[in-house]
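Peer 1: Dropping the structure in here first, questions after.
The values are calculated or read from the model by the stated rules, or taken from the named source; none is laboratory data. Because the structure is predicted, anything quoted here is derived from the model rather than measured. Neighbour counts run over all protein chains shown; Cβ positions are idealised from the backbone, glycine included.
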Amino acid sequence: MTVSHDFSAPRGDSAGKRLLKALLNGWSWLFLALILAFFEIYAQHNVGTTFIFRAYNIQSIGVATAQILLLALGLTLVVVAGHIDLSIGFTTGLAAVAMALVIRAIDPAVGGLAALFIGMLAGIFAAILVGLVNGWLVASLNVPSFIGTLGTYGVARGMALIVAGGATVSIRSEEARFLGNGDIYGMEMPILIAIVLVIGCHYLLAHTKFGVHTYAIGANRASAERAGINVKRHLVILFVLSAVTAGIGGLIYTGRFSAGAANAGEPILLYAVAAVFIGGASLTGGQGTVIGTVIGAIIIAVIQFGLVFSGLPPYWQFVAVGLVIIVAVLVDQSRDKLTGHLS
Amino acid sequence: MTGPLLEAEHLSKRFGGVEAVRDVSFAVYPGECVVLAGDNGAGKSTVIKMLSGVHEPTAGTARFEGKEITGEPPSAVRDAGIETIYQDLALADNLDVGLNLYLGREKTRAIFGIPFVDRKGMRADATKVLERLGIVVPNPALPVHNLSGGQRQAIAIARAIHWKARLVIMDEPTAALGVPEQREVMALIERLKADGVGIILISHNLPDIFAAADRIIVLARGRVAGERRPSETNDEEIVRLMMGG
């Protein structure tokens with residue numbers, strides 16, 4: 001796998017400048033290697049054990065990465081198109097609550113598997129509604145996505161709390177438990193689902209016309225429109241995709257904890273946004289890759305788990321992730337300067 | 001001479017209370033370059049936006065090869081054979097030459113029945129078309145923001161040639177270019193004309209106007225102030241017409 005930033009140096013650059021550019025482009029990989037090395041050395045010295053080469057650690061990091069990715073994958077598509085979707089934090093919660101409520105209401109009547117299926121559909125349907133509203137606000141009413149999705153963030157949060165009656169909606173469903181905790185050949189379900197979605201989103205963004213159009217819209221909306229691309233429809237689809245991946249995150253949450261909670265996605269929102277920007281996306285749009293976002297999500301998961309592992313107060317993870325976001329933006333800026341890209 | 005490629009009849013456009021263009025009529029024949037000249041705000045851009053489908057005229061019609069195109073969306077106008085090259089170039093800076101050439105009409109190839117965007121194929125096509133125009137892009141895999149203004153303009157023109165446009169509309173194509181690059185673009189316009197392509201060129205640069213035009217249509221305050229052949233007029237008269245005198 002390679003991250004195709006497409007920023008290889010034009011001819012005429014000095015070797016030093018080329019090296020610097022390569023470092024800036026690949027910094028997230030480098031950074032990941034560095035923090036893994038850091039925690040490994042720490043573990044060897046202070047705990048007398050390995051950090052990376054323990055199945056339990058890898059699995060924990062994998063599940064944490066999957067949780068972040070479910071919010072970050074759709075967000076990546078939206079950010080490449082030059083927008084942002086803040087509502088996903090509570091779209092996740094809304095989907096989780098919707099699924100739990102439906103399962104609780106119909107489980108004894110229709111049987112576990114059917115209840116799970118209908119519950120999942122209800123969760124996804126709730127998510128799609130949020131996505132459609134976001135798309136309508138941004139594409140048709142030209143509301144800046146930052147403000148528009150902040151508004152739907154509030155609405156989705158309120159709706160999730162209202163339908164859940166302000167409480168956590170617990171369920172008893174073996175089928176749902178499997179969705180969140182089961183494994184297939186030792187591969188945990190959340191990780192498996194995240195991998196499938198990563199492949200799907202990567203294909204969509206890197207290998208389809210839809211993906212090319214997403215980059216074109218992010219770089220120059222007018223040029224995309226003049227090239228005959230239906231930009232409004234495209235944006236609506238992007239926001240729906242973003243809501244659906246976040247909604248799938250909510251379904252897994254309900255399965256994992258046998259309960260739907262309105263704030264299921266809230267703590268992950270910051271991490272998801274961070275993963276996208278650490279992964280090479282830019283607030284100005286037109287840049288970013290799914291593979292980059294995956295690396296970003298792994299970095300955050302390693303920091304999260306690594307800090308807990310090394311016995312530091314868990315609150316340090318907020319500090320660490322915050323600092324990494326700032327570094328990501330600084331790297332993005334200096335890369336733009338070096339490549340002469342004024343955005 | 002064959003019939004006209006494009007006939008614009010009584011085109012008018014209002015934006016709220018402002019009448020940007022009023023009763024503009026003209027025709028363009030194959031292999032002919034018609035220059036729309038005029039000062040800023042004379043309505044030149046509004047006229048071409050009505051022809052390319054960006055704006056719908058308030059009144060009047062436009063026919064291309066005898067078929068009415070008034071009110072058609074930009075993609076339909078382009079598919080009919082009219083390519084528009086905008087002042088701000090209409091390129092997606094973060095994409096390479098190939099994707100820009102094919103933007104909105106990308107080539108795909110199937111691998112096990114799954115379609116993949118064919119970046120290499122489009123890049124190769126783009127390199128070929130540009131070579132034919134005498135333009136060498138050092139590394140076609142780079143995003144086009146690395147290219148010079150002239151090269152970028154050439155990509156926009158290559159798009160017109162590649163898609164076999166029969167009418168090319170250019171909005172101030174040399175505005176952002178250095179002198180040698182301006183010359184290259186003027187040479188490209190001659191090539192298009194030699195191929196029988198009709199051209200509508202928007203300009204307020206007098207040397208460009210006289211170098212490229214077969215006919216000059218001067219707009220002032222949204223109306224046609226006069227129509228001249230370059231051989232029958234001079235700088236002074238054109239300027240006087242542009243000022244609305």
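Peer 1: Look at B:Ala194 and say whether it is surrounded by fewer than 21 Cβ atoms within 10 Å (Cβ to Cβ), over 18 Å from B:Ala156 (Cα atoms), at pLDDT 85 or above and touching a strand residue (DSSP E or B) at 6+ places or on another chain (Cβ under 9 Å). Lay out the reasoning, then the answer.
Peer 2: Working: surrounded by fewer than 21 Cβ atoms within 10 Å (Cβ to Cβ): yes; over 18 Å from B:Ala156 (Cα atoms): yes; at pLDDT 85 or above: yes; touching a strand residue (DSSP E or B) at 6+ places or on another chain (Cβ under 9 Å): no.
Criteria not met by B:Ala194.
Peer 1: If I filter segment A:221-245 down to residues being modelled with pLDDT of 95 or more and aliphatic (A, V, I, L, M), which single residue comes out as surrounded by the most Cβ atoms within 10 Å (Cβ to Cβ)?
Peer 2: Step by step, filter segment A:221-245, then rank; the result is A:Ala243.
Peer 1: Next up: For segment B:214-236, how many residues meet the condition of being over 30 Å from B:Phe15 (Cα atoms), touching a residue at least 24 places away in the same chain (Cβ under 8 Å) and in contact with a strand residue (DSSP E or B) (Cβ under 7 Å, 6 or more places away or on another chain)?
Peer 2: Let us first name the residues in segment B:214-236 that are over 30 Å from B:Phe15 (Cα atoms), namely B:214, B:229-236.
Next, from what is left, pick out any that are touching a residue at least 24 places away in the same chain (Cβ under 8 Å): B:214, B:235.
Pick out the ones that are also in contact with a strand residue (DSSP E or B) (Cβ under 7 Å, 6 or more places away or on another chain) and you get B:214.
Of the residues in segment B:214-236, 1 are over 30 Å from B:Phe15 (Cα atoms), touching a residue at least 24 places away in the same chain (Cβ under 8 Å) and in contact with a strand residue (DSSP E or B) (Cβ under 7 Å, 6 or more places away or on another chain).
Peer 1: From the list B:Gly113, B:Gly53, B:Gly71, B:Gly98, which residue is of a type outside the set (S, T, N, Q), crowded, with 21+ Cβ neighbours inside 10 Å and at positive phi?
Peer 2: Numbers: B:Gly113 fails: crowded, with 21+ Cβ neighbours inside 10 Å; B:Gly71 fails: crowded, with 21+ Cβ neighbours inside 10 Å; B:Gly98 fails: at positive phi.
B:Gly53 is the lone residue from the list that is of a type outside the set (S, T, N, Q), crowded, with 21+ Cβ neighbours inside 10 Å and at positive phi.
Peer 1: Follow-up. Considering (1) β-branched (Val, Ile, Thr); (2) more than 27 Å from A:Ser140 (Cβ to Cβ); (3) within 20 Å of the chain's Cα centre (by Cα), say which one A:Val240 fails and leave the rest.
Peer 2: Just one mismatch for A:Val240, condition (2).
Peer 1: Now for a separate question. Grab the strands (runs of 3 or more DSSP E) fully contained in segment B:1-99, keeping just those with 3 or more residues being not β-branched (Val, Ile, Thr). Walk me through how you get there before you give the answer.
Peer 2: On the way: elements: B:6-15, B:18-28, B:33-38, B:59-64, B:82-85.
Those strands (runs of 3 or more DSSP E) span B:6-15, B:18-28, B:33-38, B:59-64.
Peer 1: Taking the conditions exactly as written (over 24 Å from A:Tyr271 (Cα atoms), surrounded by fewer than 23 Cβ atoms within 10 Å (Cβ to Cβ) and either among the aromatic types (Phe, Trp, Tyr) or touching a residue at least 60 places away in the same chain (Cβ under 8 Å) (or both)), does A:Leu101 satisfy them or not?
Peer 2: Working: over 24 Å from A:Tyr271 (Cα atoms): yes; surrounded by fewer than 23 Cβ atoms within 10 Å (Cβ to Cβ): yes; either among the aromatic types (Phe, Trp, Tyr) or touching a residue at least 60 places away in the same chain (Cβ under 8 Å) (or both): yes.
Criteria met by A:Leu101.
Peer 1: Oh, and also: I'd like the residue in segment B:141-154 that is at pLDDT 80 or above and part of a loop (DSSP other than H, G, I, E, B) and, out of all such residues, is surrounded by the most Cβ atoms within 10 Å (Cβ to Cβ).
Peer 2: Out of the qualifying residues, it is B:Leu147.
Peer 1: Now for a separate question. Hey, which of the helices (runs of 4 or more DSSP H) in segment A:9-86, taking only ones fully inside, have at least 2 residues that are in contact with a Pro (Cβ under 9 Å, 6 or more places away or on another chain)?
Peer 2: Working: elements: A:15-25, A:27-42, A:55-80.
Fully inside segment A:9-86 and qualifying: A:55-80.
Peer 1: Now, a different point. Could you tell me which residue of segment B:214-227 is nearest to B:Met186 (Cα to Cα), considering only residues that are crowded, with 19+ Cβ neighbours inside 10 Å and in contact with a Lys or Arg (Cβ under 8 Å, 6 or more places away or on another chain)?
Peer 2: It comes out as B:Ile216.
Peer 1: If you don't mind, there's one more thing I want to ask. Take segment A:246-257 and flag every residue that is surrounded by fewer than 23 Cβ atoms within 10 Å (Cβ to Cβ) and in contact with a strand residue (DSSP E or B) (Cβ under 9 Å, 6 or more places away or on another chain).
Peer 2: Of segment A:246-257, the ones surrounded by fewer than 23 Cβ atoms within 10 Å (Cβ to Cβ) are A:256-257.
Matches in segment A:246-257: A:Phe257 only.
Peer 1: Still on this structure: Determine if segment A:183-190 includes at least one residue that is hydrophobic (A, V, I, L, M, F, W, C), more than 28 Å from A:Asp107 (Cα to Cα), more than 7 Å from chain B (Cβ to nearest Cβ) and part of a helix (DSSP H, G or I). Working first, answer last.
Peer 2: Of the residues in segment A:183-190, the ones hydrophobic (A, V, I, L, M, F, W, C) are A:184, A:187, A:189.
With more than 28 Å from A:Asp107 (Cα to Cα) added as a condition, the list becomes none.
Checked segment A:183-190: no residue is hydrophobic (A, V, I, L, M, F, W, C), more than 28 Å from A:Asp107 (Cα to Cα), more than 7 Å from chain B (Cβ to nearest Cβ) and part of a helix (DSSP H, G or I).
Peer 1: Take B:Arg166 and tell me if it is without any contact (Cβ under 8 Å) to a residue 12 or more places away in the chain and more than 13 Å from chain A (Cβ to nearest Cβ).
Peer 2: Numbers: without any contact (Cβ under 8 Å) to a residue 12 or more places away in the chain: no; more than 13 Å from chain A (Cβ to nearest Cβ): yes.
No: the conditions fail for B:Arg166.
Peer 1: Note down all Cβ pairs under 6 Å where the first residue falls in segment A:296-308 and is more than 19 Å from A:Phe53 (Cβ to Cβ), the second is of a type outside the set (A, V, I, L, M, F, W, C) and not in a helix (DSSP H, G or I), and they're at least six residues apart or on different chains.
Peer 2: A:Gly296/A:Gly279
Peer 1: Shifting gears a bit: Is it fair to say B:Ala37 is out of contact with any Leu (no Cβ under 6 Å at 6 or more places or on another chain), within 13 Å of chain A (Cβ to nearest Cβ) and crowded, with 20+ Cβ neighbours inside 10 Å?
Peer 2: no
Peer 1: Something else: Can you name the residue in segment A:201-220 that is of a type in the set (Ser, Thr, Tyr) and facing chain B (nearest Cβ under 7 Å) and is also surrounded by the fewest Cβ atoms within 10 Å (Cβ to Cβ) among such residues?
Peer 2: Step one: of segment A:201-220, the residues of a type in the set (Ser, Thr, Tyr) are A:203, A:208, A:214-215.
Right, trim to facing chain B (nearest Cβ under 7 Å) and you get A:208, A:215.
Numbers: A:Thr208: 17, A:Tyr215: 26.
Per the criteria, the residue is A:Thr208.
Peer 1: Against the conditions (1) under 16 Å from the mean Cα position of the chain (by Cα); (2) over 21 Å from A:Ile268 (Cβ atoms), where does A:Leu77 fall short? Just the number, please.
Peer 2: (2)
Peer 1: A follow-up question, please. Taking segment B:100-140 as the search range and keeping residues that are β-branched (Val, Ile, Thr) and part of a loop (DSSP other than H, G, I, E, B), which one is farthest from the other protein chains (Cβ to nearest Cβ)? I'd like the intermediate steps shown before the answer.
Peer 2: Step one: of segment B:100-140, the residues β-branched (Val, Ile, Thr) are B:108, B:111, B:114, B:117, B:127, B:129, B:135-137.
Going one step further and asking which of them are part of a loop (DSSP other than H, G, I, E, B), we end up with B:135-137.
On the way: B:Ile135: 16, B:Val136: 12, B:Val137: 11 Å.
The extreme case among them is B:Ile135.
Peer 1: Next question. Among the residues of segment B:52-68, is any closer than 27 Å to B:Ile161 by Cβ, of a type in the set (Gly, Ala, Ser) and touching a residue at least 60 places away in the same chain (Cβ under 8 Å)? Give the derivation first.
Peer 2: In the first step, residues of segment B:52-68 are kept if they are closer than 27 Å to B:Ile161 by Cβ; the result is B:52-55, B:62-68.
When the remaining residues are screened for being of a type in the set (Gly, Ala, Ser), the result is B:52-53, B:62, B:66.
Filter again for touching a residue at least 60 places away in the same chain (Cβ under 8 Å), leaving B:52, B:66.
Taking every residue of segment B:52-68 in turn, at least one turns out to be closer than 27 Å to B:Ile161 by Cβ, of a type in the set (Gly, Ala, Ser) and touching a residue at least 60 places away in the same chain (Cβ under 8 Å).
Peer 1: Please state which one of B:His10, B:His55 is at pLDDT 90 or above and either closer than 24 Å to B:Glu190 by Cβ or out of contact with any Leu (no Cβ under 8 Å at 6 or more places or on another chain) (or both).
Peer 2: On the way: B:His55 fails: at pLDDT 90 or above.
Result of the check over B:His10, B:His55: B:His10.
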